[in-house]
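As C-alpha cells, the structure follows; a few thoughts come after it.
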C-alpha cells in the first residue's frame, strides 16, 4: 500500500516538474480592463510573475527590492517583471496610488477574486514564479526574506546565459 | 480499495505518458497543513482539547490538457482548529470541476468561484484563514463574443461546510469596454459599463409568514479613467428579502460604493464612500455568521497589517452603515530636503463609519411589527459612530542597511453597537519597525508596538525580533505584554517563538507559545480566535 502511494506520488511529481506553462485566466489592469494571462510573453526572454497584496508586508518588501534592481536586471538579462495584486474589492482601489507612490516601474495587474492565484496553485502571498523564454515555469519561491531577490536574480542569469 | 488504487495509477500513467507526448498536458497542485496542540493555561483561560491536537489540511490537484482543465480539492479537518466552525469536522472532496475553454467561450461544470463587479451583487470566494468557502456547485459560462464585451452566467447551489445550502442562485453579468468595442482609440477617457442580475430561490416553509420564494438583486456599475484620474461606482438594489439577518424585514435593500483615485508621478490618493441599507443576501434565509453569503460588501475601514493596529478591527454591518475613507500616498524624491538620500514615503489614511438615519415604524399590532420595521432615506447618515481611524505612516531608509517604518494611529471602535457590550473603545497606537541588513542575505528585523486605551484590557506593549537568512531560514520571537490590564492577575505576557524553513515553493514552520484572544479579519469579514497555548506547525507546498 505504502509502495503504491510512493509510486503514485513519484509519477505525479515526474509529470509536474516537467515545465508547466501559464494557465489562461482573465485578470484586470489597474484601469479595470480585462486581460488574459495567456497573452503574457517576453519574446524569448525570462519573465518573473509575483503574487502580492497591499496588506502583505513581505510582498511589498520583495517588490521594492526587485524594483531597486530592475533597471540593471533588465539591461543584463532582458527580464520582465509582472506583479499580480491579490487585493480584493476592499483594497483594489488602493493598488494604483500605492504602486505610484512606491515608484514601481513594472506592470501590475489585479486578480481580485483569486482566479489566477488558484490556477497557479498559490497558497499564500508572496509567491514568485520564474518563466524561461518559452514560457515554462522553471523556478518558484514562496515567502520573502531580505536577500531572496539575489537568489532570484541568480536564477534569471542562469536562464539568459 | 486496492482495485481503485490500481485503476487510478493506470489512469495516471496513461495521462502522464500522454503529457510527455503532448507538452500541453500537465499536472499541478498544492498542499497546506496547519496543526496546533492545545494545553490548559489557567492564566489566559485557554483550554485543552480532548483531541490534544487539531488540524486543518487540504490539497488541490489540477490537470490541464489543451482546452480542458480538471481539478479537485481534498479537505480534512481532524478536528477543526479553534476559531473556525466545528461544522467542518471531517473530510471530503468539496471542490471538483472541469472547464472547457476556447478563444471566446468558457464552460465550467462542478464547483467554481466567481465575482460580478465589486462583489456587491455576487461573490463566491474562499479564505481558509477565515474558514470561508461559499463556492457554487453548478454550471458557469463566460462568453467574450466581440472585443471588449464579456458575459457571465451561472446557476448553482452554494457550499455550506461539507454540504450544499438549500437555495438555488441564478446570476447574469455583462460588461462592455466602450473604447475596445467601438475602437475609440482617440478618446482619452476609458469607459467601462457593467450590470448584474442575481436571483435566488428558496421554498417558503414558514408557518406564520408569507415569504418571497424568489428574490432578485440588480446592480449597475461604471468605471472611468482619464489620465491619472479614475472613478469606480457600483449601485445595487435588492427586492424584499426577509431573513434572520434583518429579523424578517420586508423592505428592499440598497447599496452604493464609489472610489475616486488619482495617480500622479510620485503621489496618489483615494477617496471613497459607501452607503448600504438591508443588504445581507444569502442563499438560505436562516444562515448565520459567514455562511451562504451570495454577495460581498467590503469594509471601508483601513486594512491594518500590524497586530496592535488591527486589535479592534471593523466588520461590515450588513443591515446598514454609511462610511467614507480618504488616503494619501506621497513620496518625497531622493536628494530633496525631506526625501534625503533614499526618498521618504508618507501615507495618511482616515476612515469613518456611522449608522444610517432611520425612524422606527409603528407595530401593526401587539405581535407583528411593521413589515418594513423602519424608514430611511438613501444616503442618509445617522448619529451613531460605529468606527473611526486615522493613521500616519512614514517609511524611510536611513542607510544602505537600515530600513524603518513609523506608524501612529487613532482608532475608535463602538463595541456597544458592534458586539452589544462595553461601550466605545478608543485607542492610540504607536509602532516602530526597523530592519538591519547585517550582511548579504542576513537580516535582523525588530518591531516595537504600543497600544494605549482606557477601555477593554487596557494598555499593551509588544516586541518582535526576527532573524532571517535568505533563502531558507527564519526564526522569530514575539512578546506582547498586557501590562495595563485593570485586573493585576491578567497582566500577562503573550509570548511566541517561531522558526521556518523555505525551499522553493515548499515551506515548513513550527512555533510554540501563547496566543491572546483576538479577531482575524480579511476584507471586513472577521472571525474570533480564542486564547490558546501550545505548539503549532504549518506545511505548504506548490508543485
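The values are calculated or read from the model by the stated rules, or taken from the named source; none is laboratory data. This one's a predicted model, so the numbers in the text were calculated from it and none came from an experiment. Here Cβ is always computed from backbone atoms with ideal geometry, including for glycine, and neighbour counts include all displayed protein chains.
At a glance:
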{"item": "Subset of the range B:516-543 (residues that are modelled with pLDDT under 90 and either part of a strand (DSSP E or B) or surrounded by fewer than 18 Cβ atoms within 10 Å (Cβ to Cβ) (or both))", "result": "B:517, B:518, B:519, B:520, B:521, B:522, B:525, B:526, B:527, B:528, B:529, B:530"}
{"item": "So residue B:382, is it within 14 Å of another protein chain (Cβ to nearest Cβ) and either buried (at least 19 other Cβ atoms within 10 Å of the Cβ) or farther than 20 Å from residue B:234 by Cβ (or both)", "result": "no"}
{"item": "Considering residues of the range B:46-80 that are touching a helix residue (DSSP H, G or I) at 6+ places or on another chain (Cβ under 9 Å) and in a loop (DSSP other than H, G, I, E, B) only, the residue surrounded by the fewest Cβ atoms within 10 Å (Cβ to Cβ)", "result": "B:79"}
{"item": "Residue within the range B:240-252 that is under 24 Å from residue B:141 (Cα atoms), out of contact with any helix residue (DSSP H, G or I) (no Cβ under 6 Å at 6 or more places or on another chain), at pLDDT 95 or above and surrounded by fewer than 19 Cβ atoms within 10 Å (Cβ to Cβ) present", "result": "no"}
{"item": "Count of residues meeting criterion [in contact (Cβ under 8 Å) with a residue 40 or more places away in the chain and either over 18 Å from residue A:128 (Cβ atoms) or buried (at least 20 other Cβ atoms within 10 Å of the Cβ) (or both)] in the range A:57-76", "result": "8"}
{"item": "Any chance residue B:131 is in contact with a strand residue (DSSP E or B) (Cβ under 6 Å, 6 or more places away or on another chain), surrounded by 15 or more Cβ atoms within 10 Å (Cβ to Cβ) and touching a residue at least 24 places away in the same chain (Cβ under 8 Å)", "result": "no"}
{"item": "Complete set of residues in the range B:414-439 that are in contact with a helix residue (DSSP H, G or I) (Cβ under 7 Å, 6 or more places away or on another chain) and within 10 Å of chain A (Cβ to nearest Cβ)", "result": "none"}
{"item": "Complete set of residues in the range B:186-203 that are buried (at least 21 other Cβ atoms within 10 Å of the Cβ) and without any contact (Cβ under 8 Å) to a residue 60 or more places away in the chain", "result": "B:192"}
{"item": "Residues satisfying the stated conditions in the range A:97-128, i.e. in contact (Cβ under 8 Å) with a residue 40 or more places away in the chain, in a loop (DSSP other than H, G, I, E, B) and under 13 Å from the mean Cα position of the chain (by Cα)", "result": "A:106, A:111, A:120, A:122, A:125, A:126"}
{"item": "The range A:31-41, subset more than 8 Å from chain B (Cβ to nearest Cβ) and assigned to a loop (DSSP other than H, G, I, E, B), residue surrounded by the fewest Cβ atoms within 10 Å (Cβ to Cβ)", "result": "A:41"}
{"item": "Lone unmet requirement of (1) buried (at least 19 other Cβ atoms within 10 Å of the Cβ); (2) free of Cβ contacts under 8 Å to residues at least 12 places away in the same chain for residue B:234", "result": "(2)"}
{"item": "Residue identified as out of contact with any strand residue (DSSP E or B) (no Cβ under 6 Å at 6 or more places or on another chain), within 14 Å of chain A (Cβ to nearest Cβ) and not in a strand (DSSP E or B) among B:243, B:265", "result": "B:265"}
{"item": "Those residues of the range A:129-161 which are in a strand (DSSP E or B), buried (at least 20 other Cβ atoms within 10 Å of the Cβ), more than 9 Å from chain B (Cβ to nearest Cβ) and in contact with a helix residue (DSSP H, G or I) (Cβ under 8 Å, 6 or more places away or on another chain), in sequence order", "result": "A:130"}
{"item": "Check on residue B:451, within 25 Å of the chain's Cα centre (by Cα), modelled with pLDDT of 95 or more and more than 14 Å from chain A (Cβ to nearest Cβ)", "result": "yes"}
{"item": "Residue in the range B:86-97 that is at the interface with another protein chain (Cβ under 10 Å from one of its Cβ atoms) and either modelled with pLDDT under 95 or surrounded by fewer than 16 Cβ atoms within 10 Å (Cβ to Cβ) (or both) present", "result": "no"}
{"item": "Any chance residue B:331 is free of Cβ contacts under 8 Å to residues at least 60 places away in the same chain and under 25 Å from residue A:64 (Cβ atoms)", "result": "no"}
{"item": "Unique residue being away from chain A (no Cβ under 11 Å), touching a strand residue (DSSP E or B) at 6+ places or on another chain (Cβ under 8 Å), assigned to a loop (DSSP other than H, G, I, E, B) and at pLDDT 95 or above when the list is B:203, B:145, B:212", "result": "B:145"}
